[in-house]
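Single-structure report; data block below.
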Amino acid sequence: MAKEIKDINFALVEETRPPIYTAMKYWGKKPHNIWREYIKNYTTKDGLYLDPFAGSAISAFEAVKAGRKAIAFDLNPLTSFLIETFCTEFSKERFSIEVNKIVNEVKNDKVYQEYFHTTCRKCGSNSAIAQSFKWENGELYEVGIECLECKKNIKTRYLEKPTSAEIAKAKKLNNIKINTWYPEDMFYNSPSFSANFIDCIGGNHFSDLWTRRNLYIISKIFNKIIEVEDANLKKQLLLGFIKTIHLCTKMCVPRRENAKRSFSTSWGRSAYLCASRQMEMNPLLVFYGNCFGKQSVESSLINIKKYLGKIPKTLYVDKSNKSNRSKSFDIKYGIIDINTITDFIEEDSIDFIMTDPPYGGLVQYLDLSTIWLIWLKKTDQKFTPDYESEITIKNNIQDIETYKRRFQNGIKNLFKILKKDGKILFTFHNKDIKIWNAFLNAVSMSGFKIEKVIHQQNRRTGESNVANPYGTSASDFYIRCIKKPTAIFKTNEQDFEHFVIEKTISLIAQRNEPTPYQILFNGLLGEISPAGFIIEDFDKNIEQILSAHIGSIFDITNNNDNKAGKYWWFKNPTEYIKYPDKKLTDRVEDTIASLLRRKVSVTFDEVLGEVFVKYPNGLTPDIKSIDQILKKFANKSGGKWIYKGGETEKDFTDHTEILYFLLEIGKKMGYKIYIGKREQSEIYNGKKLSEYADIKKLDKFNLDQDKKSRVEMLDMIWINNESIECALEVENSTNFTSGIQRASNLNISINKIMVLPNKRKTEFLSIKDPLFIDSFKKYNWGYLFYDDIVKLKSLRNINKENLNIFLNHFIL
Ligand SMILES: C[S@@+](CC[C@H](N)C(=O)[O-])C[C@H]1O[C@@H](n2cnc3c(N)ncnc32)[C@H](O)[C@@H]1O
Ligand SMILES: [Zn+2]
């Protein structure tokens, strides 16, 4: 089956998330459309896709959208809850009736009346609602007020200092008696609940996360929900509930002064944290807001049917029905520890696995989800989390050895259940080299062979952003492996050193510019594993190996542009750059400029797509630099980048026109003309430049592939009797050195002419750089300005002699 599949070998572009994925908080959500493309590509039509660490279950829904069957397991019961709820039939009317009923009942509750009603400062009404309370070090300092009376049914919302009545109420709220059920779980032993945290939150129970009045209200809402008989409706209401409760805790912090957003808050960091400033939200309003409107239960459940084309058919598995092999499902799901996965899935039965495993203890998934699970488990025991089996690292509780053992065994299980020759794709986004090694070991021990590593930059803030210590965009590695039991691993230190040095040289040479260490490291990571090396202390090794050659092969300089490490370059560039090209940055700029000219208006994603494909892997530039290039050539308007035209466009037309003149001059001199690959499609007088040219391909010149690919990009070549006589570069806006580098792929003796706009005369003539002047002379260059060309072309006869009269050389 794997035979007909064409591999994806470059980074893809992330799209905006649809509402179904913004509905619930989860850490480390993945770019949905990219996952879909992978799943679609690697899972055959009736094939089976598996995500054993499904998290928010994005992968399962994307598989359904791609028309594939998915198995989505996770140890976290929340995953199962989300799948169950998203796959229920949704009736807007019934949902709305039920929510309103609950909300009205709570509204009329005595405690709600007393603690969440206040006096409107504007119209004096006594039925204004306290929307939020802000606290600092246990003192109330601000109240958010909503009043419907001021403007007759139009909400007035404002912030005020608390009145003495409000302060008095705040002082006695711990006396509130709660007569409905709420969870009485204590914080268990985990570094997630530090002594400081417990002290700040004011107790060692989960219920202490909320102020007493908030706990009262959420408990009321919860108890009303669990009385609902219709199981689907109940789940939908519970979704609204769990979307609400983490936003009403004492962990919520007021946003920095910003009028627009000072009425809401978030659980920003993936940890249990408590600060001196707190924002106490009115839970009933939050619940209502999470049921209807933007990013609500309603919007996501309505969207899912549209988005997927259907409500997926689900099949739940657990210990009681583990031998159920029914194929009648879109999503099979369960609360399954990967270490027992072989009880639920047969050997050699899965076509493709793509998964985002827990890498180390960066995010404590189960601890964080407990805030929701303590409530959900009241509705069903299966939502009780099994902390003991989690693959994570926790100080003093679970060390890296346990982590490795569980992780390794899990990957071994995946090896068993994947079909022969089947592929598995892991995403990796942790900068801790110990974890990377544990991962590589697990892969090698299980017998997978790494085929390809792709560096995939994420546009959205993912977990990787948290782990990124340097200033570059958040990014993941996509590590594609195949079940081919024959993998042999190399362990020879010398081979490894040699490999690292060679690869680094070739990477810098291909980029042809000083390159930050982090980019080299990312590029190397992508090469080393597929080559079969497994090395402990990987990072240290690479830096040590390379550093030993600073001063002989490499030359390093400080990087003040970003935090991606020092710039690495060659001590003696010509020794390593066999086939010089333009600098990578200039090539990328050319690509973007020419895309803009062709399309005039482009989305950022179109640009990324083009750049990712043209410059794969070690050549992919940082997303941030693309933004800068775009700003140079285009203006942003309505989500699109619109080509500036104007000066830039004039430069381009001048460039095309001058090329045409040079073509005429060359012809008059009796040469056959080749036009550069990129310029061939430029239009002059209604025709493509290539149509005026005599030679369209350079095949007959016996250039090897690398050389040919550089020479083809020169602006123009004059050819005489099957041999190259002269190369021409028109340097309109680009760096003068760029053209020089490309043309040095041709014999020194071949004439080379650089053509420059008149306006660059002073700039050019003031070049003092001895290196530039040296290579200009050495490679037999001359230069001409545009006005020279215009004069030349008007001559009736042109020959080498009168060309030489115009041609300038550097005189030192
Ligand atoms: C990085 S997250 C996956 C996030 C997911 N890609 C998403 O888009 O939401 C890793 C997941 O592994 C799960 N996990 C941890 N230990 C596990 C185990 N032993 N078996 C199965 N899942 C486990 C965690 O609950 C967590 O959801
Ligand atoms: Zn009012």
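Brief remarks follow.
Quick grid of which residues meet (1) within 16 Å of ligand 1 (Cβ to nearest atom); (2) out of contact with any His (no Cβ under 9 Å at 6 or more places or on another chain); (3) not aliphatic (A, V, I, L, M):
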site: Tyr38; (1), (2), (3): yes, yes, yes
site: Thr43; (1), (2), (3): no, yes, yes
site: Gly47; (1), (2), (3): no, yes, yes
site: Ala60; (1), (2), (3): yes, yes, no
site: Lys69; (1), (2), (3): no, yes, yes
site: Phe81; (1), (2), (3): yes, yes, yes
site: Thr88; (1), (2), (3): no, yes, yes
site: Lys107; (1), (2), (3): no, yes, yes
site: Lys122; (1), (2), (3): no, yes, yes
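- Test: Gly782 is in a strand (DSSP E or B) and in contact with a Lys or Arg (Cβ under 8 Å, 6 or more places away or on another chain): yes
- Flag if Leu301 is over 20 Å from Ser96 (Cα atoms) and either in contact with a strand residue (DSSP E or B) (Cβ under 7 Å, 6 or more places away or on another chain) or in contact (Cβ under 8 Å) with a residue 60 or more places away in the chain (or both): no
- Residue ID - most open to solvent (accessible area, probe 1.4 Å), chosen from residues in the stretch 131-166 that are within 13 Å of ligand 2 (Cβ to nearest atom) and free of Cβ contacts under 8 Å to residues at least 12 places away in the same chain: Lys152
- If you go through the stretch 268-293 and keep only what is in contact (Cβ under 8 Å) with a residue 12 or more places away in the chain and either among the basic types (Lys, Arg) or part of a helix (DSSP H, G or I) (or both), you end up with Arg277, Pro283, Leu284, Leu285, Val286, Phe287, Tyr288, Asn290, Cys291.
- One residue stands out in the stretch 57-84 among those that are surrounded by fewer than 23 Cβ atoms within 10 Å (Cβ to Cβ) and among the small types (Gly, Ala, Ser): the one that is nearest to the chain's Cα centre (by Cα), namely Ala66.
- Within the stretch 688-750, helices (runs of 4 or more DSSP H) holding 2 or more residues that are modelled with pLDDT of 85 or more: 689-692, 705-711
- Filter result for Leu596 (closer than 27 Å to Arg710 by Cβ, crowded, with 17+ Cβ neighbours inside 10 Å and in contact with a strand residue (DSSP E or B) (Cβ under 6 Å, 6 or more places away or on another chain)): yes
- Among the conditions (1) open to solvent by 30 Å² or more (accessible area, probe 1.4 Å); (2) under 44 Å from the mean Cα position of the chain (by Cα), the only one that Pro757 does not satisfy is (1).
- Some residue of the stretch 167-181 being open to solvent by 40 Å² or more (accessible area, probe 1.4 Å), assigned to a loop (DSSP other than H, G, I, E, B) and among the small types (Gly, Ala, Ser): no
- Condition check for Asn76: within 16 Å of ligand 1 (Cβ to nearest atom) and either under 29 Å from Asn339 (Cα atoms) or modelled with pLDDT of 95 or more (or both): yes
- Taking each residue of the stretch 359-373 that is open to solvent by less than 10 Å² (accessible area, probe 1.4 Å) and assigned to a helix (DSSP H, G or I) and looking for partners that are within 16 Å of ligand 2 (Cβ to nearest atom) and at pLDDT below 95 with beta-carbon atoms closer than 7 Å, six or more apart or interchain, yields nothing.
- The set of residues in the stretch 5-25 that are farther than 19 Å from Asn617 by Cβ and touching a helix residue (DSSP H, G or I) at 6+ places or on another chain (Cβ under 8 Å) comprises Ile5, Glu15, Arg17, Pro18, Pro19, Ile20, Tyr21, Thr22, Ala23, Met24, Lys25.
- Any hit, the stretch 85-96, residues being farther than 14 Å from Asn232 by Cβ and either open to solvent by 10 Å² or more (accessible area, probe 1.4 Å) or in a helix (DSSP H, G or I) (or both): yes
The values are calculated or read from the model by the stated rules, or taken from the named source; none is laboratory data. Treat the numbers as computed from the prediction; the structure is a model and nothing was measured. Every residue, glycine among them, receives a Cβ derived from its backbone with ideal geometry; neighbour counts consider all protein chains shown. Note: areas computed on protein heavy atoms with side chains; ligands, DNA, RNA excluded. Shrake-Rupley method; radii C 1.70, N 1.55, O 1.52, S 1.80 Å.
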